[in-house]
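K.L.:
The structure that follows is given in the form of structure tokens.
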Amino acid sequence: MLAHVEDQPVTDFWPKAYEGVYGDRRRSCGFALYQSVGVARGDKDGYRRQMAENYRFFGAPHVAIISSDAGLSTYGAIDCGGFVANFLNAATALGVATIPQAALTVRSDLVREHFGLLANRRIVCAISFGYADPSHPANGFRTDRAPLSEVVRFHDGR
Ligand SMILES: Cc1cc2nc3c(=O)[nH]c(=O)nc-3n(C[C@H](O)[C@H](O)[C@H](O)COP(=O)(O)O)c2cc1C
């Protein structure tokens, strides 16, 4: 099933490449997740098993599909980013755990079909949500945060 999903990607927004620091951050986030669930480095079957968790929403009882009108192009996705951030913050404030997921977008056509979405909806991401299982090892890891100096460049306007 997963091989089928990966072999025929039909995606609206998937990045063409994660270069430089973006690739580094992606890898370190991925390895921290694998380590937390006991998947050793290089264990390809383990990677696939963990990846497959995306398609059962990591056991969460609910999923929100975030989509944008095709005509809005990149700005539609930007608006969705603001919506996603507020969704995550509001849910967290209410004690509800969230998992933003881009993995579903590798088969955006199937997502549209399954949820009966119009052809002009572009799938930005999904958010699985529910009450967290604090004993699950995946909930024990936290990603690093890049320091402000790495993500903001200040210019002296004088
Ligand atoms: C837009 C977006 C898409 C993501 N897609 C996935 C995904 O498809 N699969 C996954 O396991 N994690 C994905 N992640 C990462 C996790 O949902 C989560 O953010 C990460 O584990 C860091 O959590 P933390 O910020 O609480 O440490 C995504 C994160 C974001 C913001």
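The values are calculated or read from the model by the stated rules, or taken from the named source; none is laboratory data. Since this is a predicted model, take the numbers as computed values, not measurements. Cβ placement follows ideal geometry from the backbone for every residue including glycine, while neighbour counts extend to all protein chains displayed.
K.L.:
Out of 87, 129, 83, which single residue is modelled with pLDDT of 95 or more, touching a His at 6+ places or on another chain (Cβ under 6 Å) and surrounded by 12 or more Cβ atoms within 10 Å (Cβ to Cβ)? Give the steps one after another, and end with the answer.
P.N.:
Numbers: 87 fails: touching a His at 6+ places or on another chain (Cβ under 6 Å); 83 fails: touching a His at 6+ places or on another chain (Cβ under 6 Å).
Unique residue meeting the criteria: 129.
K.L.:
Note down all Cβ pairs under 9 Å where the first residue falls in segment 30-45 and is farther than 20 Å from residue 134 by Cα and at pLDDT 95 or above, the second is part of a loop (DSSP other than H, G, I, E, B) and more than 11 Å from the ligand (Cβ to nearest atom), and they're at least six residues apart or on different chains.
P.N.:
Correct list of pairs: 45/39.
K.L.:
Which pairs do you get when a residue that is in contact (Cβ under 8 Å) with a residue 40 or more places away in the chain, found in segment 52-69, comes within reach of a residue that is among the hydroxyl-bearing types (Ser, Thr, Tyr) and within 12 Å of the ligand (Cβ to nearest atom), reach meaning Cβ atoms under 6 angstrom, with the pair 6+ apart or on two chains?
P.N.:
57/128; 58/128; 60/128; 63/128
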